[in-house]
Amino acid sequence: MTKVNEHPTIGRLIPDSIGEDLMFFRQFKQFKMFWLPDSKKQLEDLEPEHRFLVKKWKKQPEGLPEVCRNFDVLAALQSLGAYEVGFSSAEDESLLMLTAGQEKAWQDFSKQESTYCENACSALIRYFNHLRKIDPELFREEEDCPESAKSIEDLASCVRFDGMNISPEAKNGHSTISFGWDVDWDMEHGLQMIFHNQQVIAMGNDLYSPEDICSAANFYREILSEDEQSAFNNFEKEFKSASEDDS
């Protein structure tokens, strides 16, 4: 079982709800357009013990991951702009904290957060407009989804940010950063996007690891921008080279 750790730069890391990975709660100010409204009312509606945990989210209380996916608790956290940041466990169980790749990825995100978030919004708009065009049946009963999105604010009624995750080191020595989204047109699977060199290189509803990036799960690569496609090509080349070295 994963134990609470004090990271020298991140701070307190706590076990996730099943005790396998490390995580912490963090405010994402760049995504304020996705924060749920009326935090005072959201907090008032919580059970007392849950309200206590949510109000203390900055201290990373151990009991919060166990209830943070409860609908009312999640809504209260998101009204405060607080989202989960997860660090998936490495296969090497002797590593008690983070891998070198995760450390590097977190440092890059911390320095370039606005770039990551701006690129995510740009990719999300393109993804939505493409999907709206090629599969209109998905949106037949989704009245909160616009006919098209020109800005990220156009999607705030039907898309919700759902936190980020950093993978252990892939074969090429990189850890990938992924953003999760709840989307009205696919509540079961949601939407995942994976980054490399601060660019979105994969978007889909079944993307959970670096291995998925070069698989059929990354099925909308045609909407990647020139910079995104270049980043994807670099990742694919490095990943395949590392796989060949291991074989």
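The values are calculated or read from the model by the stated rules, or taken from the named source; none is laboratory data. Computed from a predicted structure; not experimentally measured. Every residue, glycine as well, gets a Cβ built from its backbone with ideal geometry; the counts of neighbours run over all protein chains shown. When the accessible area is computed, the model is the full protein with side chains, heavy atoms only, and any ligands, DNA or RNA have been set aside. Shrake-Rupley method; radii C 1.70, N 1.55, O 1.52, S 1.80 Å.
Structure data summary
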{"item": "Test: residue in the stretch 149-160 that is assigned to a helix (DSSP H, G or I), modelled with pLDDT of 95 or more and crowded, with 21+ Cβ neighbours inside 10 Å", "result": "yes"}
{"item": "Every residue from the stretch 180-195 that is open to solvent by 10 Å² or more (accessible area, probe 1.4 Å) and either of a type in the set (Val, Ile, Thr) or within 17 Å of residue 113 (Cα to Cα) (or both)", "result": "180"}
{"item": "Residue that is modelled with the lowest pLDDT [pool: residues in the stretch 84-98 that are open to solvent by 10 Å² or more (accessible area, probe 1.4 Å) and touching a strand residue (DSSP E or B) at 6+ places or on another chain (Cβ under 9 Å)]", "result": "96"}
{"item": "Test for residue 140: is it at pLDDT below 95 and either charged (D, E, K, R) or open to solvent by less than 40 Å² (accessible area, probe 1.4 Å) (or both)", "result": "yes"}
{"item": "Extreme residue, nearest to residue 21 (Cα to Cα), among residues of the stretch 50-60 that are crowded, with 17+ Cβ neighbours inside 10 Å and within 21 Å of the chain's Cα centre (by Cα)", "result": "60"}
{"item": "Listing of helices (runs of 4 or more DSSP H) fully contained in the stretch 1-106 that carry 1 or more residues being hydroxyl-bearing (Ser, Thr, Tyr)", "result": "39-44, 71-79"}
{"item": "Residue ID - surrounded by the most Cβ atoms within 10 Å (Cβ to Cβ), chosen from residues in the stretch 196-213 that are hydrophobic (A, V, I, L, M, F, W, C) and without any contact (Cβ under 8 Å) to a residue 40 or more places away in the chain", "result": "202"}
